[in-house]
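**Q** Here it is, the structure in full.
The values are calculated or read from the model by the stated rules, or taken from the named source; none is laboratory data. On a predicted model such as this, the values are computed, not experimentally measured, just so you know. Here the Cβ positions follow ideal geometry from the backbone for every residue, glycine too, while neighbour counts run over all protein chains shown.
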Amino acid sequence: MFSSANRQINVLIALVTLLGLPTLTLLLWLASLVLPSGQRHSGFGELWLWISRRLARSGQTSTLTRALASTLSRARALQPLLATVSHTIWLFALLATTLTVAGLLSARRYTFNWETTLLSSDTFVTLTTWIGWPPSLLGFNTPSASVIRLSDGMHTLPPDAHVQWSGWLIGCLVCYGVVPRALALAASWWTTRKRLARIRLDTSLPGYAELRNRLDPASLPGAIDAPAPAALHANPLPGPIHTAHTNARCIIGIELPDEYPWPPEPVPRHIHDLGVLDTWPQRKQALVELERIAPHKLLVVCDGRQTPDRGTIMLIQQLFGLAQYTHVLLATPATQQPAAPDRNEVWRSTLTDAGINDVHIHDTSGTGLAWLHSNTEPQTPS
């Protein structure tokens, strides 16, 4: 068509040759959008998927490829993804064709004509004008009616006529080839991203049954996370972090049972109730609140019936640095039996090893709350 031997170009044949197959595949893709998803085909996209499977060098890679295709298909993302690949290839091909035609028309002289046996010249003028109308909206030239009539191959055309035909041909390539493919590519890419964002694994499928216990076990084996330290007082008890404390008084509980009434008694307005700490976020929030308040007195209430653990003792050590004076109350619900003497001794021994003076430990709610309300201070600050 653009050979060096014959530089005469039949505009209709050139248009059909350059745009026939791309336009046909685009129309087939548009028609496939109304078909069920299992009957859609995406041309180069299907070819790309087939090549990917063939190039898989191991059975594991092939299995992963099939699993990926199955997952995308269930999410209705496979077809738009393959369409994106197909439209991308066609778009680059059309851009290359358009640039090649523009380069050839710029470097060589070609003459344009039309030949017809059945159609009249007026019919060809109308057809050419209608085809050239959309490209003219993009700024491309459209031959005038007189130029079209003279391009029957029996007349010599002026040089300007060939420029008009060149602009018309390039405009048709852009308008009917490049632009539709770019729009189709954008639509397919947008659909693909939207559906990929909504992909969720369906764990109810049979294939996930044997993996469920491995990925999400119902229980985890317990184990010692770290050996117990030789002595809890290896870390010295911190002193108050504030140089100036307010006159505020606070009460706080650590992992108290549900049957323990909280607060132990109606809390007056001048006493801050920081609640019972059961979770790590609650502990973190309480530490931040105590740093903000900088209380004068702090009463820490623990369950005297439980065995003290390292986490509770370390938290109590942290709390001692947030108030000017801190006492510990080993509480027991009134409806329950008091803590056994040996358990009380374990608490006192553990707290003493952690650096807490024995005079700061209360066995009954009465003495602990009385200290919190009183205005007297111990001789040894905590």
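**Q** Taking segment 352-367, which residues are surrounded by 15 or more Cβ atoms within 10 Å (Cβ to Cβ) and closer than 23 Å to PRO263 by Cα?
**A** Matches in segment 352-367: HIS360, ILE361, HIS362, ASP363, SER365.
**Q** Here is a further query. Go through segment 302-325 and report how many residues are touching a strand residue (DSSP E or B) at 6+ places or on another chain (Cβ under 7 Å) and not in a loop (DSSP other than H, G, I, E, B).
**A** So the count comes out to 8.
**Q** When you go through (1) free of Cβ contacts under 8 Å to residues at least 12 places away in the same chain; (2) in a helix (DSSP H, G or I) one by one for CYS175, which number turns out not to apply?
**A** Failed condition: (1).
**Q** Still on this model: Out of (1) loosely packed, with under 13 Cβ neighbours inside 10 Å; (2) over 52 Å from the mean Cα position of the chain (by Cα), the odd one out for TRP130 is which?
**A** Every condition holds for TRP130 apart from (2).
**Q** For residues in segment 327-382 being within 51 Å of the chain's Cα centre (by Cα) and assigned to a loop (DSSP other than H, G, I, E, B), which is modelled with the lowest pLDDT?
**A** This residue is SER382.
**Q** Next up: Can you work out which of the residues in segment 265-293 that are closer than 17 Å to ASN375 by Cα and not basic (Lys, Arg) is modelled with the highest pLDDT?
**A** Going through segment 265-293, the residues closer than 17 Å to ASN375 by Cα turn out to be 267-272.
Going one step further and asking which of them are not basic (Lys, Arg), we end up with 267-268, 270-272.
Details: VAL267: 74, PRO268: 77, HIS270: 78, ILE271: 84, HIS272: 87.
The extreme case among them is HIS272.
**Q** I want to confirm something. Restricting to segment 81-117 and keeping residues that are among the aromatic types (Phe, Trp, Tyr) and touching a residue at least 60 places away in the same chain (Cβ under 8 Å), which single residue is nearest to LEU169 (Cα to Cα)?
**A** Filtering first and then ranking leaves PHE112.
**Q** Can I ask one more? Working carefully through the options ALA67, ALA77, find the one that is closer than 16 Å to TRP189 by Cβ and modelled with pLDDT under 90.
**A** ALA77
**Q** Can THR156 be described as in contact with a helix residue (DSSP H, G or I) (Cβ under 8 Å, 6 or more places away or on another chain), assigned to a loop (DSSP other than H, G, I, E, B) and farther than 29 Å from ALA93 by Cα?
**A** No.
**Q** Determine which single condition VAL179 fails, assuming it passes every other condition in (1) surrounded by 14 or more Cβ atoms within 10 Å (Cβ to Cβ); (2) in contact with a helix residue (DSSP H, G or I) (Cβ under 7 Å, 6 or more places away or on another chain).
**A** (2)
**Q** Follow-up question, since we're still on this one. I need every pair where a residue in segment 149-170 that is closer than 17 Å to THR126 by Cβ has its Cβ under 6 Å from the Cβ of a residue that is small (Gly, Ala, Ser), sequence separation at least 6 or different chains.
**A** Filtered contacts from segment 149-170: ARG149/SER121; TRP168/GLY132.
**Q** Would a scan of segment 132-141 turn up a residue that is on the phi > 0 side of the Ramachandran plot, outside any helix (DSSP H, G or I) and of a type outside the set (Phe, Trp, Tyr)? Spell out how you get there, then give the answer.
**A** Initially, segment 132-141 is screened for residues on the phi > 0 side of the Ramachandran plot, giving 139.
Going one step further and asking which of them are outside any helix (DSSP H, G or I), we end up with 139.
Cutting the leftovers down to of a type outside the set (Phe, Trp, Tyr) gives us 139.
Yes: one or more hits.
**Q** I would also like to ask the following. What about ALA107, is it modelled with pLDDT under 90, more than 30 Å from ARG200 (Cα to Cα) and of a type in the set (A, V, I, L, M, F, W, C)?
**A** Yes; evaluated as a whole, the condition is true for this residue.
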